[in-house]
Amino acid sequence: MRFVYVMDPMDRVLPDKDTTFAFLRAAQARGHDALHCEPRDVFVKNADVYARVRHLTVSDAAPHAVFGATDEVRLADVQAVLIRKDPPFDAAYLYLTLMLERARGRTVLLNDPRGLREANEKLYTLHFAKWMPRTLVTSNEEQIQAFVGEVGGRAVIKPLDLAGGAGVMMLTAGDKNARGIIQLLTDEGRRLAMVQEYLPAVEQGDKRVLLLDGAVLGAINRVPRADDFRSNIHVGGSVEPYQVTKEERAMIEDIAPRLKQDGLVFVGLDVIGGKLTEVNVTSPTGIQQLSQHENRDVAADVIQWIERAANDYRPQLKSIPAY
Ligand SMILES: Nc1ncnc2c1ncn2[C@@H]1O[C@H](COP(=O)(O)OP(=O)(O)O)[C@@H](O)[C@H]1O
Ligand SMILES: [Mg+2]
């Protein structure tokens, strides 16, 4: 099979850490061709969607990525498109998802571009409010100050469109930096931010639960460094094995139908002290660390899911929809 990966440049990818690299590696091991492109390489012509791609071979030993020939492919002609571009979710990302609509029903799209648009990683959690910590979304400084007081004087403020812990900060009542932080994150009232009660359980770690088609693939725990509260691997959180609890399974059962409806096949939930803080859909990570703990290549499960989905497509759907 041929898989197109819409992602960041390969020199930004960490071969021993990143989930996208694990997908590339597992797919290659199963005999599939990798076609790499960036969002700017995707284009629409006569209402059909194509990409300028480069053939890619990956290896655990350096050089980790070797590019072959350049090609132009119609996305309906490949078996799957893996959309794995890291945030920010900006205008270019939005346009990418809108162009990929042209391939709907004609190839496997992981995740569904419509779902990617629908599911802002921070705001999508609001659909599952009963599992969330107390949360405020606003651009208003006074409201944020009042909320920090309401939740006991300690809160976390985060931008809506970033990832990897970027811009996530703590707000403490009485801290002389608090106003500055709020003004920075809200661009002085012009931009929305999410403010959440601080969950002290974060000191024991932020759980990353990976889901495949609504089912648990596995989970890891990410423990923050002593000098930070952010647990992201990207900012130095250390990774431990983790088993999903009964309560967390109940939460996942609640969330899964909505994910399915939105075509969000490969998803990473962030869970702190049993509370849902984020639903990662753009390029969730953690599969390499999970594979190490489980002593098997969990990425292969995802690739096998894609193979099955690709085999389910009927050839007549490959032709261009009414134009
Ligand atoms: N409500 C919270 N209470 C305590 N810590 C939090 C809270 N929300 C986030 N954090 C910490 O900040 C990190 C990043 O937050 P998150 O919402 O997952 O955004 P992102 O991972 O997209 O940067 C988390 O891994 C966690 O360590
Ligand atoms: Mg997170």
Quiz item: Does Lys45 satisfy being on the phi < 0 side of the Ramachandran plot, modelled with pLDDT of 95 or more and within 16 Å of ligand 1 (Cβ to nearest atom)?
Solution: no
Exercise. Answer yes or no: is there a residue in segment 254-268 that is within 16 Å of ligand 2 (Cβ to nearest atom), assigned to a helix (DSSP H, G or I), buried (at least 16 other Cβ atoms within 10 Å of the Cβ) and touching a residue at least 40 places away in the same chain (Cβ under 8 Å).
Key: yes
Practice problem: Would you be able to say whether some residue in segment 170-183 is under 25 Å from the mean Cα position of the chain (by Cα), farther than 30 Å from His293 by Cα and within 11 Å of ligand 1 (Cβ to nearest atom)? | Solution: yes
Practice problem: Give me a count of the residues in segment 229-284 that are more than 8 Å from ligand 1 (Cβ to nearest atom), out of contact with any His (no Cβ under 9 Å at 6 or more places or on another chain) and of a type in the set (Asp, Glu). | Solution: 5
Quiz item: Looking at segment 155-197, which of its residues are on the phi > 0 side of the Ramachandran plot and either assigned to a strand (DSSP E or B) or buried (at least 18 other Cβ atoms within 10 Å of the Cβ) (or both)?
Solution: Gly165
Practice problem: Return the residue satisfying two criteria in turn: it lies in segment 222-239 and is out of contact with any helix residue (DSSP H, G or I) (no Cβ under 8 Å at 6 or more places or on another chain) and outside any loop (DSSP other than H, G, I, E, B), and of such residues it is nearest to Pro113 (Cα to Cα). | Solution: His234
Exercise. Return the pairs, sorted by first residue and then second, in which the second residue is in a loop (DSSP other than H, G, I, E, B) and modelled with pLDDT of 95 or more, the first residue lies in segment 155-176 and is away from ligand 2 (no atom under 16 Å from the Cβ), the beta carbons are less than 8 Å apart, and the residues are 6+ apart or on different chains.
Key: Ala155/Tyr198; Thr172/Gly153; Ala173/Gly153; Gly174/Gly153
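The values are calculated or read from the model by the stated rules, or taken from the named source; none is laboratory data. The shown structure was predicted, so the numbers you read here are calculated from the model rather than taken from an experiment. Reconstructed Cβ throughout: ideal geometry from the backbone, glycine too, with neighbour counts over all protein chains shown.
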